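> This is the structure, below, for whatever I ask next.
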Amino acid sequence: MTGVNFHGIWAIYKFEMARTLRTLWQSVVTPVITTSLYFIVFGGAIGSRIDTIGNVNYGSFLVPGLIMLSLLTQSIANASIGIYFPKFTGTMFELLSAPISAVEMVIGFVGAAATKSIVIGLIILITSAFFVPLRIDHPAAMLAFLVLTSVTFSMFGFIIGIWAKGFEQLNVVPALLVTPLTFLGGAFYSIDMLPEPWRTVSLFNPVVYLVSGFRWSFFGQGDVSVWWSLGVTGLFLLLCLGLIVAIFRTGYRLKN
């Protein structure tokens, strides 16, 4: 029985991280500018009409939602382009014939995508501190949600990258599904503010549980129980893991 090929994992991880460094301006500065604009627009326009939500300053209330919005979109984008590019250039055959297992390949690509998303999330957190007062009641839980969400949606992005047959398809799921669900998932408001039946309908949106759990780690309160948030995130992680296993067992779209 052979051991884990750490050199192979590190080679993929290092290559993906180097690609980020080549686009450092887009990778780092863009989230800072976007976060600043959110605070100017939402914090200024809406914050002047909404003082607090659940005894939390509205500007501070926005922070977990902004981080989660970037975390979901960046995790998917980083992982999907990472695995799609070898398919596009034809180097996927080299990856599949290299002395590296499917598990090690996934760890390399997903690990790099998750790392980039976590860094961007922390950059947004630091940027937010210049605009609003911040407090983190449960820092360990905050980091746990940050890592768990990044890994889970990087795996989801990996699946999208395998499924996509063109660059257009890479953007279909993030643009038409993930971003709308995030905006409707309590990123910028509490679902308790919604009248029935819309509050109940919102509970069928999985992003509600991600945002709520992450917000709980900051302020000790959320729209749903933190255990529900962990459960839904863990369930989606297992679902993505199962799909990735099925992809490598069947060879689904790995070579085209």
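> Which of N55, N171, N78 moves the most in a Gaussian network model of the chain with Cα springs under 10 Å?
For the chain, modelled as a Gaussian network with Cα springs under 10 Å, the answer is N55.
> Residue by residue through segment 127-142, which ³J(HN,Hα) values in whole Hz follow from phi under the Karplus form 6.51 cos²θ - 1.76 cosθ + 1.60 (θ = phi - 60°), with glycine and proline marked x?
4, 4, 5, 7, 10, 9, x, 10, 9, 10, 5, 10, x, 5, 5, 4
> Another one. Determine ³J(HN,Hα), in whole Hz, for all residues of segment 202-219 in sequence, where each value follows from phi through the Karplus function 6.51 cos²θ - 1.76 cosθ + 1.60 and θ = phi - 60°; x replaces Gly and Pro.
Here the 3J(HN,Hα) series is 4, 5, 8, 8, x, 5, 3, 6, 5, 5, 4, x, 5, 5, 4, 5, 7, 10 Hz.
> Still on this model: Quick one: work out Rg over Rh on the C-alpha atoms of segment 173-219, Rh as Kirkwood radius.
With Rh from the inverse mean 1/r over Cα pairs, Rg/Rh is 0.98.
> Also, I was wondering about something else. Starting from the coordinates of the alpha-carbon atoms of segment 34-163, obtain the Kirkwood hydrodynamic radius over all distinct pairs and give the value in Å to one decimal.
One decimal place: 16.2 Å for the Kirkwood radius.
> Please work out the C-alpha center-to-center distance from segment 84-142 to segment 195-247 and express it in whole Å.
Each part reduced to its Cα centre gives a spacing of 20 Å.
> Going 7 Å from the Cα of T250 toward and past its Cβ, which residues in segment 153-181 have a backbone nitrogen under 20 Å from where you end up?
Hits in segment 153-181 for T250 at 20 Å: 155-166, 169-170, 173.
> Per residue of the chain, what 222 nm ellipticity follows from adding -39500 (n - 2.57) for every DSSP H run with n ≥ 4, rounded to the nearest 500?
Calculated mean residue ellipticity at 222 nm is -22000 deg cm²/dmol.
> When the Kirkwood hydrodynamic radius is evaluated over all pairs of different C-alpha atoms of the chain, what value in angstrom, to one decimal, is obtained?
Evaluated on the chain, it is 19.0 Å.
> Something else about it: Heads up, I need the accessible area for E196: 1.4 angstrom probe, whole protein in place, Å², nearest 10.
Only protein atoms counted, so the area is about 120 Å².
> Which value in nm describes the separation of the simple spin-label points at M193 and L241, placed 7 Å from the Cα toward the beta carbon?
About 3.7 nm separates the two model spin labels.
> If exposed means no more than 12 neighbouring beta carbons inside 10 Å and the site is in a DSSP loop, what's the longest run of the chain without any exposed trypsin sites (Lys or Arg not before Pro)?
Of all site-free stretches, the longest is 166-254.
> Applying the Karplus parametrisation 6.51 cos²θ - 1.76 cosθ + 1.60 with θ = phi - 60° to the phi angles of segment 92-101, what ³J(HN,Hα) value in whole Hz is obtained for each residue in order, glycine and proline being reported as x?
Couplings: 4, 4, 5, 5, 5, 8, 6, x, 9, 7 Hz.
> Hey, another quick one. With the cut-off at 1.5 for a/c, could you classify segment 112-182 from its C-alpha gyration tensor as rounded, prolate or oblate?
Note, shape of segment 112-182 comes out prolate.
> Which of these, T20, T89, T179, has the largest mean-square fluctuation under a Gaussian network model of the chain (Cα springs below 10 Å)?
Comparing T20, T89, T179 in the GNM, the peak value goes to T89.
> Sticking with this one: So which residue, out of I136, I76, I244, gets the largest mean-square fluctuation from a GNM of the chain using Cα contacts under 10 Å as springs?
Highest fluctuation of the listed residues: I136.
The values are calculated or read from the model by the stated rules, or taken from the named source; none is laboratory data. All values reported here derive from a predicted model rather than from experimental measurement. With ideal geometry, Cβ positions are generated from the backbone for all residues, glycine too; neighbour counts draw on all protein chains shown. These accessible areas exclude ligands, DNA and RNA; they are computed on the full protein's heavy atoms, side chains included. Shrake-Rupley method; radii C 1.70, N 1.55, O 1.52, S 1.80 Å.
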